[in-house]
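The values are calculated or read from the model by the stated rules, or taken from the named source; none is laboratory data. Everything numeric here is computed off the predicted structure, so don't read it as measured data. Note that we place each Cβ from the backbone using ideal geometry, even for glycine, and neighbour counts take in every protein chain shown. Only protein heavy atoms, including side chains, enter the accessible area calculation; ligands, DNA and RNA are left aside. Shrake-Rupley method; radii C 1.70, N 1.55, O 1.52, S 1.80 Å.
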Amino acid sequence: MIYIAGQILRGSTFEEGYLGIDRGIIVETGSGRSPERPAIEGIVVPSYVNCHTHVGDAAVSLDLGLSLEELVAPPDGLKHRALAAMSGDMLRSSILSATGMMLDTGTSHFIDFREGGIMGTEALAGLSPPPHATIMGRPSDLRYDEEEVSSIIDIAHGIGISSISDWERSELDALADHLHREKVPFAMHASEGRREDIDRILSLEPSFIVHMCEATDVDMRRVGEEGVPTVICPRSNLFMGKTPPLSRMIEAGMELCIGTDNFMNADGDMRAEMEMMARLLRSQGSDARLAIDAAFISSRKLLNLDAELPFTEGRAANLVVYKGRGTEPACDLLFRSGNGMGMVCIR
Ligand SMILES: [Zn+2]
C-alpha cells in the first residue's frame, strides 16, 4: 500500500489529509498527517471528466486565417472537409493521439461528439482506448435516416449534432422523436457563433447543450429553469473570437460543465481549460473557484459519477496529484502550473 498526502479536494474545498491506496483501490482515508511517509505529496483532485471533445480533429491542420464558420460549420467548414478526406488509419491515429493526451493529463472519462456517421462512431468504439468514452454519434448528412440512426445508436451512447441552424425543422423533429422513443441521450451545440432560438432547442429535450456564447440573459434563465446542463469550452470559444458569458450564466442558474472541444485548436488538458474558466470568471467579476465546482462536481454529475465523494474507501483511486503545496490549493490548481503533475492514477 502507498500513501498520498496533501491538500485533498473534498466537495468544493481542500482539506489536509491522506489516502491509502492498494492496487488502485482507496483503502484508507484520513485527515491530518499521513501515518506513514507518503509516496507523493501535493494537491489531490479526482480524475477529470472532459464533457465535450471532437477526438477526430487532432490530425486536422488549422488555418489561422479562417473564421468560426469557415473552420467548423458543416458540411463545408475546413474541419469537415479534412475529416471527409481522412483515411481510416489517419482518423484512428488522430483519435489515439487525442485520447493519449487526455489520459496523460488526468482525464478518466470524456464525452465525444463523433462526426462521420456510422464510420466515425465505429472508429472510436472499435478502438475504445482509455479514457472511457461516451460516444455521441451523428448522422453523416444533415438529414434523418431511420436506418442510419438505428445503426449509430446501436454502438454509440447517444447523438450529438452540430446545431439546430444546420438542420431542416422536420428532419430534426424526426431525429429527436426517434431518440426519445429509444430513450437515447440527445445533445447539441447551442448559440455558439450566433444566437439560436432557445425555445426550439429546449423543445427537443436535449440531455445537455454546449457553448451558449451568444445566448441572451432570458435564454440563459430558461436553460437554468429547465435544468439542462451546459458544457462550456472557454479556450475553443476564445480561439473562435467568442467569450462565454460565464458570470451571467451562473447568475441565470445554469449548471456549467467543462469540455475542451475541437482538438485542432485546443488540446485535451482539462486543468488548462479549468484555469481559463477561472481567469474568465475573475474578469467577469465572479469567484474563480467556481471553476473547481464545474470541473469536479457538475462535470462528473453529467456522467452520474460520484460527484460528491470521489475519495471514499473501496472506490477506484482515479486521481491526479499536482506536486508541491502553496498557501491556497485552489489558487495553485487554477493559476500556477509550475509545479507540474506529480502523479496520474486512472483505472
Ligand atoms: Zn463541439
(Q) For the range 212-232, check the following and say yes or no: at least one residue is basic (Lys, Arg) and more than 30 Å from LEU62 (Cβ to Cβ). (A) yes
Q) Is it the case that the range 215-228 has a residue that's within 15 Å of the ligand (Cβ to nearest atom) and either open to solvent by less than 50 Å² (accessible area, probe 1.4 Å) or under 30 Å from ASP177 (Cβ atoms) (or both)? A) no
Q) Looking only at the range 218-262, which residues are at pLDDT below 95 and assigned to a loop (DSSP other than H, G, I, E, B)? A) MET240, GLY241
Q: Scan the range 141-153 and give yes if some residue there is within 16 Å of the ligand (Cβ to nearest atom), open to solvent by less than 50 Å² (accessible area, probe 1.4 Å) and at pLDDT 95 or above, otherwise no.
A: no
Q) Which strands (runs of 3 or more DSSP E) does the range 13-82 wholly contain that include 3 or more residues that are within 16 Å of the ligand (Cβ to nearest atom)? A) 48-54
Q. Which one of these is more than 16 Å from the ligand (Cβ to nearest atom), assigned by TED's automatic domain parsing to the domain that holds THR121 and not acidic (Asp, Glu): HIS180, HIS211, HIS189?
A. HIS180
(Q) Among the residues in the range 110-120, are any without any contact (Cβ under 8 Å) to a residue 40 or more places away in the chain, surrounded by 21 or more Cβ atoms within 10 Å (Cβ to Cβ), of a type in the set (Val, Ile, Thr) and within 16 Å of the ligand (Cβ to nearest atom)? (A) no
**Q.** Scan of the range 38-59 for residues that are closer than 22 Å to ARG114 by Cα and either open to solvent by 10 Å² or more (accessible area, probe 1.4 Å) or modelled with pLDDT of 95 or more (or both), ordered by number
**A.** TYR48, VAL49, ASN50, CYS51, HIS52, THR53, HIS54, VAL55, ALA58, ALA59
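Listed here are the residues, each with its yes/no results for (1) farther than 23 Å from ARG336 by Cβ; (2) among the charged types (D, E, K, R); (3) within 16 Å of the ligand (Cβ to nearest atom).
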residue	(1), (2), (3)
CYS233	no, no, yes
GLY241	yes, no, yes
LEU246	no, no, no
GLY253	yes, no, no
ARG279	no, yes, no
ARG289	no, yes, no
ALA295	no, no, no
Q) Looking at the range 193-214, which of the residues that are on the phi > 0 side of the Ramachandran plot and crowded, with 16+ Cβ neighbours inside 10 Å is farthest from the chain's Cα centre (by Cα)? A) MET212
**Q.** Verdict on GLU16 being touching a Gly at 6+ places or on another chain (Cβ under 7 Å), within 25 Å of ARG336 (Cβ to Cβ) and open to solvent by 50 Å² or more (accessible area, probe 1.4 Å)
**A.** yes
(Q) Please go through the range 176-191 and give me each residue that is open to solvent by less than 30 Å² (accessible area, probe 1.4 Å) and in contact with a strand residue (DSSP E or B) (Cβ under 7 Å, 6 or more places away or on another chain), ordered by number. (A) ALA176, LEU179, VAL184, PHE186, ALA187, MET188, HIS189, ALA190, SER191
